[in-house]
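The structure appears below as structure tokens.
The values are calculated or read from the model by the stated rules, or taken from the named source; none is laboratory data. None of the values given here were measured: they were computed from a predicted structure. All Cβ positions, even for glycine, are placed from backbone atoms using ideal geometry, and neighbour counts span all protein chains on display.
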Amino acid sequence: MRPVAGPVLLAILILWSCRPAQPSGGKTRMAASAEGENMPYINHKPSEHSVYVVEWGKVKIPLVKYANPEVYSGTAEVQLSDFKRLVGERLRLLKAGRELEIELVSIYKESTGQHNPDWSSYPVLEQGRLSNEAASAFRLGIRQGDLIALRLSAPADSIIVQSAVIKVTSPYEAYEPAIEVPHPRYDADLYGFQVIQEPGRRPLLRIDTTSAATRHIYEMYRNNRLYKIIHIPGFQTRHRLIAGPSLMFPARSIHRSVLLGCGHDWLSLPEYTDLGDGDVRLLWGEMAAAPSSQTYLLQDLLAALNQPLRLMVGEQELPIRSFHLITHGRLRKAERYVADKLQEPALLKALCRLEPASTVYFDKVVIENERGQLLLFPQAFAFNIGTGPPLE
């Protein structure tokens, strides 16, 4: 009977994890940063962010600078039911949390297939809210897929919000992940160093400090206190620079981070470089990512939960020892789980709660080679869940 115990226990674990959320007084171990002290903050803010946020009810629209001198824009996406609630709430413009006095210049509504968008110039705000008549008209007229654009000004601060756009999500719109997996470089040259530049964090140099081939690089950075140098014997990589889109999810973009396993220090590990002809894929039950997947349904994801991850390079399977799993979607902020295996209750529960139009990313995958050495696999993978109907 013992061979049956494993599958039965796993099935029970998955069913338990997929239950509706129950109030709990327990605490989950939170990872302030999966990298711990390896990436300390430095005092500067990333240029792509501003201190301005449009807040309408519970919906927040972060603003970025759109044009000079002080012109800003931003976007958010909400469910139809959420928009019908927020349209009667207060509309505010915040600067670093401080409310500014605003003037609502216009509201623009564009519906799918509609040739003449609705436009309202200088609508009256009553104590920061649309009039009951205007709010009621929006509730009755709004449809899935509609766009609502607000134009605001804060004369006292000389601020113009050119467009704060709210999109009402549609289950019929094809899902395209907002974050793309970086294109793999299987046939690129090998280099003996790597620089990692993340906004708001200390840059890192991964290098073998004893290598004669990269001694000149080490000498360039060794006395630069802005950089942290990580010595990795025999280090080689196909990616000399990790920055911008290749970061995928900078630490500041992670809404919640949970440490479920030992969390191998991937920054100090050598990289796996024997990628052959580039036939690299991550298998998860009947699903496959190479490095991104086709669009699957939620049913496909749930069917894969009791299946192991299999990382394949050609016909060779590489044993996975840990990974970062990140969930992100059209209506879901990024959450990161650092784990040694999929069959963790907190991880299974998070996966069971995924909604359509979401993606499950696997990054910082640590594998073990035939000599028992831990290596960082230098490729991320993405499993895309489309806009099919949610599970009952």
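Below are the figures for this structure:
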| quantity | calculated |
| --- | --- |
| Residue ranges of strands (runs of 3 or more DSSP E) in region 311-379 with at least 1 members more than 20 Å from the chain's Cα centre (by Cα) and at pLDDT below 95 | 316-318 |
| Wholly enclosed strands (runs of 3 or more DSSP E) of region 246-297 bearing at least 1 residues of a type in the set (A, V, I, L, M, F, W, C) and in contact (Cβ under 8 Å) with a residue 40 or more places away in the chain | 254-259, 280-284, 287-289 |
| Residue selected from region 176-210 under the condition modelled with pLDDT under 90 and among the aliphatic types (A, V, I, L, M), by the criterion surrounded by the most Cβ atoms within 10 Å (Cβ to Cβ) | Ile179 |
| Residue tally, condition buried (at least 20 other Cβ atoms within 10 Å of the Cβ) and more than 20 Å from Ile179 (Cβ to Cβ), over region 353-372 | 2 |
| Criterion: farther than 30 Å from Lys84 by Cα, without any contact (Cβ under 8 Å) to a residue 40 or more places away in the chain and over 24 Å from the mean Cα position of the chain (by Cα) - qualifying residue of Ala134, Ala212, Ala156 | Ala212 |
| Hits in region 218-245 (condition: in contact (Cβ under 8 Å) with a residue 60 or more places away in the chain, in contact with a strand residue (DSSP E or B) (Cβ under 7 Å, 6 or more places away or on another chain) and within 15 Å of Arg201 (Cβ to Cβ)) | Lys228, Ile230 |
| Pair list, Cβ under 7 Å, 6 or more apart: region 341-352 residue under 15 Å from Cys262 (Cα atoms), other residue surrounded by fewer than 17 Cβ atoms within 10 Å (Cβ to Cβ) and small (Gly, Ala, Ser) | none |
| Sole residue being exposed (fewer than 15 other Cβ atoms within 10 Å of the Cβ) and hydrophobic (A, V, I, L, M, F, W, C), chosen from Ala213, Ala290, Ala251 | Ala213 |
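Here's the yes/no breakdown for (1) at pLDDT below 90; (2) closer than 30 Å to Ala134 by Cα:
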residue: Leu9; (1), (2): yes, no
residue: Tyr66; (1), (2): yes, yes
residue: Leu86; (1), (2): no, yes
residue: Leu93; (1), (2): no, yes
